[in-house]
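Below is one structure, written out as structure tokens, with a few remarks after it.
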Amino acid sequence: MTSIWPTLCLSASYYAIVRFLGPWYMKNREPFELKKVMLVYNLFQAIFNSWLLYKAGLLWFGPYNWRCQPIDYSNSSAGEAALNVTYWYFISKFLDFFDSFFFVLRKKFSHLSTLHVVHHGGLPIFVWFGPRFVGGGHTTFCGFLNSGIHVVMYLYYFLAALGPKVTPYLWWKRYLTKLQMIQFVVFFIHALQPLFIECDYPKIYCWIILGHGLLYFVLFTNFYIQSYIKKKKA
């Protein structure tokens, strides 16, 4: 965590793999059958994000103030617990890379949209600033919300990986996208609070979160329009 360069290198490597190296490697190969691997991966991710949700929930439904929460930089149990969950949330962003790697190996290149690649490749960089400089405090609310969304998302992926027999029951996919969009609006509003009230929390990180929320809200909204509204009209 002393330098952002390892994170930048991993994110750049991710981009190179999903955009260039992966498609080149798979060009003359048959798609891999990864059903069992994906079932295990998606179930693990759902459980892991449930744990993150639980750990962050202990803070937000415990000592944390919903309007303004300064960072505890001490070696107290609460301060170290906040730093710990922030760090593991950061690590989870690298585990998310495997979604894209599976798409490449299965030759599902249409799933590697700009939204998907920017979202997965950019998040480790955004999140790195959390455990490095603000290990806890107000903006951990974003990770709390996002972990909850990921529990639902990976359960959906787990069910989808079971095959065609389950597909008719996955009609709620579009509502998952809506839920993701609502998430960005909620944590955008929450991150605004320290800018307008007296709060011992670094405002620069509020601005980072606001920029991050706006960027992904626009990308997810565009994805929703292209995937559901325009396709329905067609």
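Every number in this text was worked out from the coordinates using simple rules, so none of it is lab data. Just so we're clear, the structure is a prediction, and the values are computed from it rather than from any experiment. Because the Cβ atoms are built from the backbone with ideal geometry, glycine has one as well, and the counts that use them run over all protein chains shown.
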Under the Karplus relation 6.51 cos²θ - 1.76 cosθ + 1.60, θ = phi - 60°, what is the ordered set of whole-Hz ³J(HN,Hα) values for the range 204-219, x standing for Gly and Pro? 4, 6, 4, 5, 4, 5, 5, x, 4, x, 5, 4, 6, 5, 5, 5
In the structure shown, of LYS36/LYS173; LYS55/LYS107; LYS36/LYS178; LYS55/LYS108; LYS108/LYS173, the pairs separated by more than 27 angstrom at the C-alpha atoms are LYS55/LYS107; LYS36/LYS178; LYS55/LYS108
No partner Cβ under 4.7 angstrom, meaning no disulfide-compatible partner by this rule: which Cys of the chain qualify? CYS9, CYS142, CYS206
Taking Rg/Rh (Cα atoms, Kirkwood Rh) as the quantity of interest, determine which of [x] 1.01; [y] 0.94; [z] 0.98 was computed from the displayed structure. [z]
Using a 7 Å offset from the Cα along the Cα-to-Cβ direction at both LYS173 and TYR156, what is the distance between the two label points in nm, to one decimal? 0.9
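Calculate the FRET efficiency for ARG19 and PHE44 from the Cβ-Cβ distance with a Förster distance of 22 Å, rounded to the nearest 0.05. Could the numbers behind the result be given before it?
Values: r = 26 Å, r/R0 = 1.18.
It comes to 0.25.
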Helix 5-16 vs. the chain, principal-axis angle (Cα, 0 to 90°, nearest 10): 20
Pulled fully out, how much extra length does the chain show between LEU8 and TRP60, if you take 0.36 nm times their separation in residues and subtract their Cα-Cα distance? 15.7 nm
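How high is the FRET efficiency from TYR228 to ILE125, r the C-beta distance, R0 30 Å, rounded to 0.05? Spell out each step's value before the answer.
On the way: r = 29 Å, r/R0 = 0.97.
It comes to 0.55.
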Which whole-Hz ³J(HN,Hα) couplings does the range 36-44 yield from phi under the Karplus relation 6.51 cos²θ - 1.76 cosθ + 1.60, θ = phi - 60°, glycine and proline marked x? 5, 4, 5, 4, 5, 4, 5, 5, 4
Multiply the residue separation of ILE91 and LEU214 by 0.36 nm, subtract the distance between their alpha-carbon atoms, and state the gained length in nm to one decimal. 42.0 nm
Whose amide H sits under 5 Å from the amide H of ASP72, counting only residues 5 or more places off or on another chain, with H placed in the peptide plane? GLY137
For the range 169-178, 3J(HN,Hα) per residue [Karplus equation, 6.51 cos²θ - 1.76 cosθ + 1.60, θ = phi - 60°, Hz, x = Gly/Pro]: 8, 9, 5, 8, 4, 4, 6, 5, 5, 4
